[in-house]
Amino acid sequence: MPIAERRRPSVVVVAVAALVLLLGAVGFLVSAGGVASQLLPRRFTGAQQAAIMNWEVAGRWRDLPAGTIFAGSIGYPQPAVLDGTGNSLSLSAHRVGIAEQAPCRSAVDPAAAAALVREGCEAVLRATYVDGTDSYVVTVGVAAFAGGAQAVAAERQIDAVKPRAGALAPGVLPVAFAGTPAAYFTAGSRQITEASADGSYLVMYAIGYADGRPRVPITADSYADAEMTGMGTGVAGAIASVLGESPAPPHCPGTPGC
């Protein structure tokens, strides 16, 4: 009895089966790749890194303790007028008090307040320092913004204000502390005011004599002018460096959003 001959699978059937297997393998690889990508650490784009870094800087005024923002003692360079005299002084200012957080409108002169509010200022932090001889007193104010562009815009608007002859540029209002060398520091006793943007902050200072004397033509006294400017910029710069320092680029794990 003849044995029945087995039918061979057609070429079409074999091709279809191979295609199904291939598609299944590709699907498995894609699925496995998706799972692996979920398990691997997230990678931020350059724009995402910049946004996270800006967010961290902008939030420091809320996150850092007041005593960290306003250090108890801050060193600053000696006046340039003493360079070349053979004297090398180690100068420092010590903090006499930290004020309560203030609304932007109430912590600065009206013209400065208009610029701050226009750019979305969130709050102003202030602290007052005196020099090592209790001769000069400076209040440093930090206006917080959502980003650096707003801080720079506020600085430009304040710089554009043209004060009347003999008047100061608009700036931060002093904070006096009773029982300290800064007890008599008022708006009328300010000798110099300055403002400079750093990161998401506009850092301002107002400096004067600790005895509360009213404003005088300070530029007529080159030494006092240089010493006050050196103290003001030194203290304000140290505070700005704490708030505006650029953080390390974010990475996962360890960064919000990972």
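The values are calculated or read from the model by the stated rules, or taken from the named source; none is laboratory data. This is a predicted model, so every value here is computed, not measured. All Cβ positions, glycine included, derive from the backbone under ideal geometry; neighbour counts span all protein chains shown. Side chains are part of the model used for accessible areas, which takes the heavy atoms of the whole protein and leaves out ligands, DNA and RNA. Shrake-Rupley method; radii C 1.70, N 1.55, O 1.52, S 1.80 Å.
Summary of values
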| quantity | calculated |
| --- | --- |
| Yes/no for Ala182 being closer than 20 Å to Ile74 by Cβ and assigned to a helix (DSSP H, G or I) | no |
| Only listed residue being among the small types (Gly, Ala, Ser) and open to solvent by 50 Å² or more (accessible area, probe 1.4 Å), chosen from Gly179, Gly208 | Gly179 |
| Flag for Ala165 being outside any strand (DSSP E or B), surrounded by 22 or more Cβ atoms within 10 Å (Cβ to Cβ) and not polar (S, T, N, Q) | no |
| Within region 127-168, considering residues that are free of Cβ contacts under 8 Å to residues at least 40 places away in the same chain and under 25 Å from the mean Cα position of the chain (by Cα), the one nearest to Ser189 (Cα to Cα) | Asp159 |
| Pairs with Cβ under 6 Å, 6+ apart, first in region 222-235 and over 15 Å from Ala71 (Cα atoms) and open to solvent by 10 Å² or more (accessible area, probe 1.4 Å), second among the hydroxyl-bearing types (Ser, Thr, Tyr) and in a helix (DSSP H, G or I) | Asp225/Thr219 |
| Residues being touching a residue at least 60 places away in the same chain (Cβ under 8 Å) and among the β-branched types (Val, Ile, Thr) - total across region 100-125 | 1 |
| Count of region 184-196 residues which are of a type in the set (Gly, Ala, Ser) and surrounded by 22 or more Cβ atoms within 10 Å (Cβ to Cβ) | 1 |
